[in-house]
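Trainee: The following block contains the structure, expressed as C-alpha cells.
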Amino acid sequence: MEDLIIYQIFPDRFANGNKENDPAKTKKWNEKPTRTSFFGGDLQGIINKIPYLKELGINAIYLTPIFKSPSTHKYDTEDYFQIDSAFGSVGIFEDLVKNAHKNNIKIILDGVFNHTGIKFFAFKDVRKNGKKSKYYDWYTIYKTPVKIKPKPTYEDAGIFYIPKLNYSNEEVLNYFEEVVSFWTDKGIDGWRFDMPWCIREEIVNALIKTARDMNPDLIFIGESWEKPTLLLKKYDFDGTMDYTVRKSVIELLEKNLPPEEFRQNLVHKIENIPDRNWNMLGSHDTPRIYGKLHKKSKKLMIAQAIQFILPGNPVIYYGDEIGMTGGNDPQCRSTFNWNKTEWNLEINQNIKNLIKIRKNNPEIFLRGQCEIIPGKEKMIIKRKYKNNSIVLIIDLEKYDYNLLVENIIHR
C-alpha cells in the first residue's frame with residue numbers, strides 16, 4: 001500500500017498548454033463559465049504544471065474524463081479509444097503518464113461505463129437503422145424510430161444525451177473490457193468508476209478483474225454519495241469517494257452538527273483500518289468548500305486538517321488549495337487562477353504543511369487506529385500506530401487547531 005494524496009483535475013479548466021488545439025469559441029481564461037463553455041485546458045497544460053503539483057506535494061492525479069466527447073465535462077463519450085482533440089492525443093497522454101511517473105505521481109482515469117454519448121458509434125447506428133442495427137441490444141430501446149427529444153425513446157442515465165448501456169448483451173461487456181485493457185496498457189495507475197451503482201456488480205467486477213489481471217497494483221475507486229460500506233459490500237473496489245466527510249465537516253463547522261453526532265457519522269472510518277476510501281471536501285459535482293464555509297480561512301484550514309488526519313486518502317479538488325470559490329455546476333468548474341497575488345497563501349501553506357506531515361508519517365496514516373473524542377468546545381482526533389501518534393486538537397469556538405506529532409513512551 002501507498003498513502004495517496006490525490007489531486008483532482010477537470011482538464012478543460014486547469015491549464016492551457018497548447019492553444020493550437022483550443023476548441024472553437026474558446027473563452028478567455030478567467031471568464032465566468034457556463035455549462036457549455038470551453039477554456040482550452042489540456043493534457044499539455046497538466047504536463048507543464050507538474051512542477052507545481054510536485055512542489056505542492058501530491059502523489060496522484062485523478063482526471064475527470066478525457067476521451068473524445070462533445071461536452072466540456074466529457075461524460076458523454078463519443079470514442080473511448082481516442083483522447084479528445086481539445087485535450088491532445090494518445091501520444092500526449094503517454095507523455096503525461098511518463099512525466100507524472102518520473103515525478104512519482106500516479107495517474108487515475110475516470111471510467112464512464114454506465115452510459116455513452118449519443119454520438120457514440122453504436123448509438124448512432126441504432127438511431128439510423130433501428131431494429132435492424134446490430135447494436136440495437138446495446139441499449140434498452142422503448143420505441144423506434146429512436147428519438148432523443150422531447151422525450152427519449154430509450155433508457156438514459158438521467159438526461160437524453162447519455163443513453164444507458166444494456167449489459168445483458170455480452171458484446172457490451174466485451175467491448176468495455178477492450179477499453180479497460182487499452183488504457184491500462186498505457187501504464188495508468190487506477191480507475192475511478194462513474195455511477196457504478198447503476199451497473200450490476202458482476203459486470204463492474206469483471207471490468208475490474210480485466211484490469212487487475214494486467215496490473216495487480218492498480219487502484220479501483222467507485223463513485224458513491226452514501227457511506228462507502230454500502231457499495232463495497234457488492235463491488236470489488238479498493239474504496240469509494242467518501243462524501244460523508246464533506247457533509248459532516250461542513251455541518252460541524254457551521255454548528256449544525258454536535259461533535260458526538262460528527263463522530264457517529266464517521267464511525268465507518270474508525271472501524272475500517274486501513275481505509276482506502278477517498279476523503280472528499282469537494283469535487284466537480286459540489287459547490288466549492290471555501291464558499292460553503294463562507295470564506296472563513298480558519299474553518300477551511302480545520303476542514304483540511306480533519307480531511308488529512310482521518311483514515312482514507314485526502315482528495316484536493318483543483319484550486320481548493322488556493323481558496324477558489326464557486327457554487328453549483330458550472331461555477332465550481334471555473335478556471336484555475338494562476339495569478340499568485342490573488343491566492344489565499346494561508347490556506348495554501350496549510351495544505352502544504354498537512355501534506356508534509358502526512359508524507360513524513362505514512363504508517364500512522366495508513367495503519368494507525370483512529371479515535372474521535374468529542375467535546376463541546378474542543379474536539380480531538382487521534383491516530384496511533386505502535387509507539388507513535390498524531391493528535392489533532394480543534395477549538396470549535398475560536399476555530400483554531402493544533403496538530404501534534406509525538407512519540408509515545410510506554411512506562
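The values are calculated or read from the model by the stated rules, or taken from the named source; none is laboratory data. What you see is a predicted model; the values in this text were computed from it and never measured. Cβ coordinates were reconstructed from backbone atoms using ideal geometry, including for glycine residues, and neighbour counts include every protein chain displayed. Remember, those area values only see protein heavy atoms, side chains included, never the ligands or the DNA or RNA. Shrake-Rupley method; radii C 1.70, N 1.55, O 1.52, S 1.80 Å.
Trainee: Give the residue, chosen from GLY326, GLY375, that is farther than 23 Å from VAL267 by Cβ and in a loop (DSSP other than H, G, I, E, B).
Mentor: Among GLY326, GLY375, only GLY326 is farther than 23 Å from VAL267 by Cβ and in a loop (DSSP other than H, G, I, E, B).
Trainee: Checking the conditions here, which among LEU109, LEU96 is part of a strand (DSSP E or B) and crowded, with 21+ Cβ neighbours inside 10 Å?
Mentor: Going through LEU109, LEU96 in turn, just one is part of a strand (DSSP E or B) and crowded, with 21+ Cβ neighbours inside 10 Å: LEU109.
Trainee: Say we look at segment 208-226 and pick out the residues that are assigned to a helix (DSSP H, G or I) and open to solvent by 100 Å² or more (accessible area, probe 1.4 Å); which of these is farthest from HIS268 (Cα to Cα)?
Mentor: For segment 208-226, the residue satisfying everything is ASP213.
Trainee: Across segment 145-190, what is the total count of residues that are free of Cβ contacts under 8 Å to residues at least 24 places away in the same chain and open to solvent by 50 Å² or more (accessible area, probe 1.4 Å)?
Mentor: Qualifying residue count for the region: 11.
Okay, residues lined up against (1) open to solvent by less than 50 Å² (accessible area, probe 1.4 Å); (2) of a type outside the set (A, V, I, L, M); (3) in a helix (DSSP H, G or I):
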residue	(1), (2), (3)
ASN348	yes, yes, yes
LYS352	yes, yes, yes
GLU371	no, yes, no
LEU392	yes, no, no
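Trainee: Any residue that is in a helix (DSSP H, G or I), small (Gly, Ala, Ser) and in contact with a Phe, Trp or Tyr (Cβ under 6 Å, 6 or more places away or on another chain) - is there at least one of those in segment 300-319?
Mentor: Among the residues of segment 300-319, at least one is in a helix (DSSP H, G or I), small (Gly, Ala, Ser) and in contact with a Phe, Trp or Tyr (Cβ under 6 Å, 6 or more places away or on another chain), which makes the answer yes.
Trainee: Just to be sure before I move on: is THR34 among the polar types (S, T, N, Q), open to solvent by less than 30 Å² (accessible area, probe 1.4 Å), over 18 Å from ASP185 (Cα atoms) and outside any strand (DSSP E or B) in the structure I sent?
Mentor: In short, no.
Trainee: Residues that are crowded, with 21+ Cβ neighbours inside 10 Å, at pLDDT 95 or above and in a loop (DSSP other than H, G, I, E, B): does segment 42-57 have at least one?
Mentor: yes
Trainee: Sticking with this structure for a sec: With the structure loaded, tell me whether ASN256 is among the polar types (S, T, N, Q), modelled with pLDDT under 95 and part of a loop (DSSP other than H, G, I, E, B) or whether it fails that test.
Mentor: no
Trainee: Just to be sure I understand the filter: pairs with C-beta atoms under 9 Å, separated by 6 or more residues or on different chains, first member in segment 259-276 and in contact (Cβ under 8 Å) with a residue 24 or more places away in the chain, second member open to solvent by 70 Å² or more (accessible area, probe 1.4 Å) and part of a loop (DSSP other than H, G, I, E, B). Which pairs pass?
Mentor: PRO259/LYS376; HIS268/LYS227; PRO274/MET1; ARG276/MET1
Trainee: Could you tell me whether THR229 is at pLDDT below 95, within 19 Å of the chain's Cα centre (by Cα) and polar (S, T, N, Q)?
Mentor: Yes, satisfied.
Trainee: Working only within segment 101-134, note down all residues that are under 22 Å from the mean Cα position of the chain (by Cα) and hydrophobic (A, V, I, L, M, F, W, C).
Mentor: ILE105, ILE107, ILE108, LEU109, VAL112, PHE113
Trainee: Looking at segment 114-134, is at least one residue on the phi > 0 side of the Ramachandran plot and in contact (Cβ under 8 Å) with a residue 60 or more places away in the chain?
Mentor: Within segment 114-134, none of the residues are on the phi > 0 side of the Ramachandran plot and in contact (Cβ under 8 Å) with a residue 60 or more places away in the chain.
Trainee: Here is a further query. What is the one condition in (1) on the phi < 0 side of the Ramachandran plot; (2) touching a helix residue (DSSP H, G or I) at 6+ places or on another chain (Cβ under 7 Å) that GLY88 does not satisfy?
Mentor: Evaluating GLY88 over (1) on the phi < 0 side of the Ramachandran plot; (2) touching a helix residue (DSSP H, G or I) at 6+ places or on another chain (Cβ under 7 Å) leaves (1) as the failure.
Trainee: When residues of segment 242-299 are filtered for being touching a Ser or Thr at 6+ places or on another chain (Cβ under 6 Å) and open to solvent by 40 Å² or more (accessible area, probe 1.4 Å), how many remain?
Mentor: Number of matching residues: 1.
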